[in-house]
1. So who's got an amide H within less than 5 Å of the one on residue 202, skipping anything under 5 residues away but keeping other chains? H placed 1.01 Å off N, in plane.
2. Taking the Cα-to-Cβ direction at residue 348 and at residue 57 and moving 7 Å from each Cα, how far apart do the two end points lie in nm?
3. Residue farthest toward the positive end of the dipole of the chain, with Cβ of Lys/Arg at +1 and Asp/Glu at -1: which of 107, 251, 275?
4. Determine the calculated [θ] at 222 nm for the chain from helices alone, applying -39500 (n - 2.57) to every DSSP H run no shorter than 4 residues and normalising by the residue count; nearest 500 deg cm²/dmol.
5. Modelled label-to-label distance, residue 287 and residue 89, 7 Å Cα→beta-carbon offset: nm?
6. Just to be sure I understand: if I project the alpha-carbon convex hull of the range 1-125 onto a plane and average over all orientations, what area do I get in nm²?
7. Looking only at 97, 140, 15, which one moves most when the chain is put into a Gaussian network model with springs between Cα atoms under 10 Å?
8. Leaving out ligands and nucleic acids, and using a 1.4 Å probe, what accessible area per residue does the range 341-381 come to in Å²?
Amino acid sequence: MSEDFHRIRRLPPYVFEHINPIKAKARAEGVDIIDLGMGNPDLPTPEHIVKKLQETVLDSRTHRYSSSKGIPGLRKAQASYYGRRFGVKLNPDTQVVATLGSKEGFANMAQAITAPGDVVLVPNPTYPIHSFGFIMSGGVVRSMPADPNEDFMRSLDRAVRHSIPKPIALVLNYPANPTAYTATLDFYAEVVKYCRANDIFILSDLAYSEIYFDDVPPPSVLQVPGAIDITVEFTSMSKTYSMPGWRVGFAVGNERLIAALARVKSYLDYGAFTPIQVAATAALNGSDDVIEEVRKIYKYRRDVMVESFARSGWDIPVPKATMFAWAPIPAQFAHLGSLEFAKLLIRETGVGVAPGVGFGEYGDQYIRLAFVENEQRIRQAARNIKKLLGSKGGSGNVVPLAG
């Protein structure tokens, strides 16, 4: 009776369980921890969204059970967003499901479509639920490159030809968490063509669609003609509207896959609290000014981090999108690996980061840094790290600060 349950045995120890106690102990000892580890937005939810929640919650009729797949107005608002942003037409009744965040949607989609032993192709490194949603559902994960470069299609073809049984699905995530890689519409077109020819579903995580910095909005794979025949895409309001605790996201796309997800969800939940769904509807139907402001803040923080960390001796590659930087461990500490280096940073500098190994074994020489502290705190983190690195300055990888 002391053995772990079957599904629990399939899960590795959660990497952040090794980090969080160290942070907690340091805080208890009075250390000011500058936490750049978790992608937990610190910006307030825009006022008009909060007011809509307050207004709606006063109506006692909204206190009843809600709709598992999302209230009609919310699904219509998401369909309208896809039409405006991507030029993709969706039927809100059959091609849109509201989820309790994109994470829940992904996990329940895995449960809906995975039989024991099914093979799924997943980027490595990637956001953990992309792999472990399928592992918990009895599937087998085969790693794919995370970078959408010229090697990706060769790796995809090799994986399909040498996997037994043939893979049922391919996970895509661009802009990517944790790597911040971005993809082009041409890349998506090539992937869609291959997956259609080989009867492979595409599950695309587009949670960071609106957090981009080079004036080139990331595309949706659903923009590719024919993609909707095999694709479901997941989005989230957590980062776009600074609503992480509200737990509102969406799955959109292929009717058969959406119906499978809706059926699983109907057994598991009644959807988000109705006032939250009404407020989320107001957000989607409102002005894009709030999104542009969030984007501007993250871009400024990115520039501050890249500049100040470079001056401290740690060159941070400049991400084009997301709220993260994906940084190689400084050479003198590379032998430690990401988990031990993350522990060292907390103990010696009071800076919390996410170890890359938490996103897959191919991330072990990297650290993920989140733009979840203000400019002053980011600069202080850089000063603390400079003492550890023993640097007198960076090596020139400096981005001019935004005005």
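1. Answer set, sorted by chain and number: 170, 231, 232.
2. Placing both labels 7 Å beyond Cα along the Cβ direction yields 4.5 nm.
3. 275
4. Numbers: 13 runs with 168 residues, N = 403.
Calculated from helices alone, the mean residue ellipticity at 222 nm is -13000 deg cm²/dmol.
5. With each label placed 7 Å out from Cα toward Cβ, I get 3.1 nm.
6. Values: hull surface 57.7 nm².
Answer in nm², one decimal: 14.4.
7. 15
8. On the way: 1390 Å² over 41 residues.
Heavy-atom accessible area per residue stands at 34 Å².
The values are calculated or read from the model by the stated rules, or taken from the named source; none is laboratory data. Note that the structure is a prediction, hence the values are computed from the model and not measured. Glycine also receives a Cβ, built like all others from the backbone with ideal geometry; neighbour counts cover every protein chain displayed. Remember, those area values only see protein heavy atoms, side chains included, never the ligands or the DNA or RNA. Shrake-Rupley method; radii C 1.70, N 1.55, O 1.52, S 1.80 Å.
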